[in-house]
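Computed from the coordinates by the stated procedures, all read-outs in this text should not be read as laboratory data. In this text the structure is predicted, and so the values were computed from the model without any measurement. Every residue, glycine as well, gets a Cβ built from its backbone with ideal geometry; the counts of neighbours run over all protein chains shown.
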């Protein structure tokens, strides 16, 4: 079959259009691929960000728990210290009371001894006076 100039021109035109369309399709596919890649990267970054934020939150939670534990522990230690001090104060008070009681008993015994001694002296003086009469 013999092609006329017009047929050849038409064939060239179709060929150009086909190539242009192929080129457009290729560009479109490339754009889609690029867009998919961007989307994957965005999702990956979002996942990383979420994971990082989750880790930060866990870390903050852990620190908060440690602080609470430390505060509780510190308050418990303060309470124990107060109780210990209170018990020491009570023991010191009991010790002072015992010492005071011991001093009073010593004073009573000394007074009793002095009275006994005075009675003895008076008794001897009386005996001497009566015996010398």
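Angle between the Cα long axis of helix 5-132 and the longest principal axis of the chain, 0 to 90 degrees, nearest 10?
Relative to the chain, helix 5-132 is tipped by roughly 0 degrees.
Hey, of (i) 116; (ii) 155; (iii) 59, which did the structure itself give for volume of the Cα convex hull per residue in Å³ when calculated?
(iii)
Suppose R0 equals 30 Å. What FRET efficiency, 1/(1 + (r/R0)^6) with r the Cβ-Cβ distance, do residue 12 and residue 32 give to the nearest 0.05?
On the way: r = 30 Å, r/R0 = 0.99.
For R0 = 30 Å, the calculated efficiency reads 0.50.
When the helix-only estimate is applied to the chain (DSSP H runs of n ≥ 4, each -39,500 (n - 2.57), divided by the residue count), what is the mean residue ellipticity at 222 nm, nearest 500 deg cm²/dmol?
Values: 1 runs with 128 residues, N = 133.
It lands at -37500 deg cm²/dmol.
How big is the gap, in Å, between the Cα center of the stretch 104-122 and the Cα center of the stretch 31-75?
Using only Cα atoms, the two centres lie 88 Å from each other.
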